[in-house]
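J.: Provided herewith is a single structure, encoded as structure tokens, for subsequent inquiry.
The values are calculated or read from the model by the stated rules, or taken from the named source; none is laboratory data. The shown structure was predicted, so the numbers you read here are calculated from the model rather than taken from an experiment. Please note: Cβ atoms are built from the backbone with ideal geometry, for glycine as well, and neighbour counts cover all protein chains shown. For the accessible areas, the whole protein counts, side chains as well, though only heavy atoms, and no ligand, DNA or RNA atoms are used. Shrake-Rupley method; radii C 1.70, N 1.55, O 1.52, S 1.80 Å.
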Amino acid sequence: MTQPIREGRDLLTPRPITVKRGVNPHAPGSAHLIMGRTEILATVTLEEKPAPHMRGSKEGWLTAEYSMLPRATNDRQARERNLQNGRRHEIQRLLGRALRAGMDLRHFRNQTLYVDCDVLVADGGTRVASILAGHAALHDFCDRLIQKGRLTDWPISRNIGAVSVGLVGSEIRVDLDYAEDKVARADLNVVATSDGLIVEVQGGAEEGVLTHDEYVGMLATGTRAVQDIMADLTRQLSVIQGM
């Protein structure tokens, strides 16, 4: 089988990322992230009441929602709010776990943070791009709170990123686009910190089985790629936009 050819990057190089903060004037934190041809809009909302299971806790809570616009893909998809969509709920739980891992929620006691990630254009990797966009929107949100004097300490305890890694034929490839993802023998979504600590790994073999060495190689490759992605993303987030 002829394998998809990459445009302008080698097998271990992620797609280029650009992020713009403060794109939604109504949200206290927001970011528009482009990763290759995948585009995500993420917003943060702070609600002044605790999640039901966090009442009496010394910490606040963070939850995430994920949705894909009808024409984010080649064919129109029904709006997901009208569907009992298992994939969407699975992704939302992943986003929530990933983004909570990077926040010191003691700063938000008796409050709930909502991170909404909407896929504007999909070309593979929408869940990992949503984690990156969500982190960027939280960065924007926290920066604004510091600027306004509502917080004195930075509440992001770790910079959290993510990337997809796949086996296409015998090749390990980083950050699969749609054409690569649909023919991959295996794929992993690696969620990690900017200093190389693993938060979560999701995925496995798509057909047949994986060897131990293949799995370890994919995981190590993904962890290194997240560090590279986060170095670039952190540099872009240091530029204050839309304040």
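J.: Apply the a/c threshold of 1.5 to the C-alpha gyration tensor of segment 124-243 and tell me whether it is rounded, prolate or oblate.
T.: On the way: a/c = 3.16, a/b = 2.42, b/c = 1.30.
In terms of gyration-tensor shape, prolate.
J.: Compute the distance in nm between two label points, each set 7 Å from the Cα along the Cα-to-Cβ direction, one at residue 12 and one at residue 206.
T.: A separation of 2.2 nm, rounded to one decimal place.
J.: Arrange the residues 53, 26, 89 by how much accessible surface each exposes, largest first, with a 1.4 angstrom probe.
T.: On the way: 53 120, 26 170, 89 70 Å².
Largest accessible area first, the residues go 26, 53, 89.
J.: Taking a ≥ b ≥ c as the square roots of the Cα gyration tensor eigenvalues, with a/c under 1.5 meaning rounded and otherwise prolate when a/b beats b/c, else oblate, which class fits segment 1-40?
T.: Values: a/c = 5.19, a/b = 3.33, b/c = 1.56.
Because a/c hits 1.5 or more and a/b exceeds b/c, segment 1-40 counts as prolate.
J.: Relative to the first principal axis of the alpha-carbon coordinates of the chain, what is the inclination of helix 212-237, with its axis defined by its Cα atoms, in degrees from 0 to 90 and to the nearest 10?
T.: 40 degrees
J.: Determine Rg/Rh for the chain; Rg is computed over alpha-carbon atoms and Rh is the Kirkwood hydrodynamic estimate from the same atoms.
T.: Working: Rg = 17.9 Å, Rh = 18.4 Å.
My calculation puts Rg/Rh at 0.97.
J.: Same structure again: Using the Cα gyration tensor of segment 1-110, with a ≥ b ≥ c the square roots of its eigenvalues, what is the shape: rounded (a/c below 1.5), prolate (a/b larger than b/c) or oblate (neither)? Kindly include the intermediate steps, with their values, before the conclusion.
T.: Values: a/c = 2.05, a/b = 1.71, b/c = 1.19.
Because a/c hits 1.5 or more and a/b exceeds b/c, segment 1-110 counts as prolate.
J.: Same structure again: Take every Cα pair under 8 Å in segment 27-162 that's 6+ residues apart, average their separations, divide by the length, and report that relative contact order as a whole percent. Display every interim value, and only then the final one.
T.: Working: 284 pairs, mean separation 52.0, N = 136.
RCO, segment 27-162: 38 percent.
J.: Moving on to the next point. Just how large is the dipole of segment 112-243 about the Cα centre, in debye to the nearest 20, putting +1 at every Lys and Arg Cβ and -1 at every Asp and Glu Cβ? Don't jump to the answer; show the numbers that get you there.
T.: Numbers: 10 positive and 20 negative charges, 123 e Å.
Charge dipole of segment 112-243: 580 debye, to the nearest 20.
J.: Shifting gears a bit: Which whole-number percent gives the relative contact order of segment 1-62, counting Cα pairs below 8 Å spaced six or more residues apart? Write down the numbers at each step before the final one.
T.: Details: 64 pairs, mean separation 12.3, N = 62.
Reported as a whole number, the value is 20 percent.
J.: I want to check a number: in the chain, how many lysine pairs have alpha carbons closer than 25 Å, given a sequence separation of 8 or more or different chains?
T.: Working: 20/148; 49/58; 49/148; 58/148.
Lysine pairs, 8 or more places apart or on different chains, close enough: 4.
J.: Let me ask another. Could you grab the relative contact order for the chain? Cα pairs under 8 Å, six or more apart, rounded to a whole percent. Could you put the intermediate results ahead of the total?
T.: Numbers: 530 pairs, mean separation 54.6, N = 243.
Once divided by the residue count of the chain, the mean separation gives 22 percent.
J.: Also, quick follow-up: Just by accessible area at a 1.4 angstrom probe, what is the order of 40, 34, 5 from largest to smallest? It would help to have the intermediate numbers written out before the result.
T.: Working: 40 0, 34 50, 5 150 Å².
From most exposed to least exposed: 5, 34, 40.
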